[in-house]
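Each remark here refers to the structure printed beneath this line.
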Amino acid sequence: MKGIFVTMEGCEGSGKSTQLRLLAERLDGAGIKYIMTREPGGSEIAERIREIILDGKNTAMCDECEALLYAAARVQHLKEVVIPALKEGTLVICDRYVDSSLAYQGVARGLGEEYVAEINSFALRECPPDLTIFLNIPPRSAFARKHGADKDDRIEQMGESFHEKVYQGYLSLIDKYPRICAVDCSGTKAQTSQKIWQLLVDKGIVRG
Ligand code: TYD
């Protein structure tokens, strides 16, 4: 595929939304053609699956169902949005991707990385990211910074030990996949944004 696929990962409260907004501003300023999309969601059907997954009322959802729904939303979004854009040569920036499933469902929920990789084999095989940016901040510091979790979000409601497991899951993925680059985001928003931009320059994705 001609385009470049960049995914952004991080724990709850890592400042991902802010950093994606700042990145969009810089890309706009540089006149670079791109699309910014998100998971779970990014297409009409996938957004409907997202509502089911994140609905705080769905307390009976089992872990396997959750993992399969994320994988289902992912394939739909890939086929409908990401792959066509990459084929056209567009830079695609995606808020979360398969590494979220590996860290959240594989490690934190305890389904195992192998099982989660298997149900996500389409994504891993057909559309691996060229670069994954991991916003590195431990969940304890992140929640302190954003003053607690969102009460209506099923995943954010999980306790501190769950989010710590997610974080550890991400750290183990960094060791395994060289495409994942950790960006320290303990500094200011502007400093983190600059680090992300520099990473894109270093990888030859944008010009300095
Ligand atoms: P969202 O409100 O977009 O959270 P954030 O701003 O932190 O990205 O909700 C997405 C939630 O879904 C988030 O808690 C992470 C979780 N998630 C998984 O558990 N597995 C996945 O594969 C994906 C894509 C997200």
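The values are calculated or read from the model by the stated rules, or taken from the named source; none is laboratory data. A quick note: this is a predicted structure, and the numbers were derived from the prediction, not measured. In this analysis, Cβ positions are derived from the backbone assuming ideal geometry, glycine residues included, and neighbour counts consider all displayed protein chains. These accessible areas exclude ligands, DNA and RNA; they are computed on the full protein's heavy atoms, side chains included. Shrake-Rupley method; radii C 1.70, N 1.55, O 1.52, S 1.80 Å.
If the Cβ limit is 6 Å and pairs must be 6+ apart or interchain, which residue in region 43-60 that is under 10 Å from ASP153 (Cα atoms) pairs with which residue that is not polar (S, T, N, Q) and not in a helix (DSSP H, G or I)?
Close Cβ pairs (under 6 Å, with a partner that is not polar (S, T, N, Q) and not in a helix (DSSP H, G or I)) amount to ILE53/PRO40; LEU54/ASP153; LEU54/ARG154; GLY56/ASP152; GLY56/ARG154.
Inside region 1-34, can you point out the residues that are closer than 24 Å to TYR177 by Cα, touching a helix residue (DSSP H, G or I) at 6+ places or on another chain (Cβ under 9 Å) and of a type outside the set (Gly, Ala, Ser)?
The answer is MET1, LYS2, ILE4, PHE5, VAL6, THR7, MET8, GLU9, CYS11, GLU12, GLN19, LEU23.
Criterion first (without any contact (Cβ under 8 Å) to a residue 24 or more places away in the chain, open to solvent by less than 80 Å² (accessible area, probe 1.4 Å) and either more than 30 Å from ASN58 (Cβ to Cβ) or not in a helix (DSSP H, G or I) (or both)) does GLY208 satisfy it?
In short, no.
Can you pull out the residues in region 135-148 that are open to solvent by less than 50 Å² (accessible area, probe 1.4 Å) and away from the ligand (no atom under 13 Å from the Cβ)?
Within region 135-148, ASN136, GLY148 qualify.
Take the residues in region 6-22 that are under 22 Å from ILE32 (Cβ atoms) and among the polar types (S, T, N, Q), then tell me which one is surrounded by the fewest Cβ atoms within 10 Å (Cβ to Cβ).
Top of the filtered list is SER17.
Does any residue of region 25-37 turn out to be within 9 Å of the ligand (Cβ to nearest atom), within 17 Å of the chain's Cα centre (by Cα), open to solvent by 20 Å² or more (accessible area, probe 1.4 Å) and touching a residue at least 12 places away in the same chain (Cβ under 8 Å)?
Among the residues of region 25-37, not one is within 9 Å of the ligand (Cβ to nearest atom), within 17 Å of the chain's Cα centre (by Cα), open to solvent by 20 Å² or more (accessible area, probe 1.4 Å) and touching a residue at least 12 places away in the same chain (Cβ under 8 Å), which makes the answer no.
Only one of VAL92, VAL98, VAL116 is surrounded by 19 or more Cβ atoms within 10 Å (Cβ to Cβ), on the phi < 0 side of the Ramachandran plot and more than 10 Å from the ligand (Cβ to nearest atom); which?
VAL92
Condition first: among the acidic types (Asp, Glu) and within 28 Å of GLU160 (Cα to Cα). Can you find one or more residues in region 34-48 that meet it?
yes
Test each condition in (1) within 12 Å of the ligand (Cβ to nearest atom); (2) open to solvent by 30 Å² or more (accessible area, probe 1.4 Å); (3) closer than 25 Å to LYS151 by Cβ; (4) not hydroxyl-bearing (Ser, Thr, Tyr) for ARG48 and report the one that comes out false.
Exception for ARG48: condition (1).
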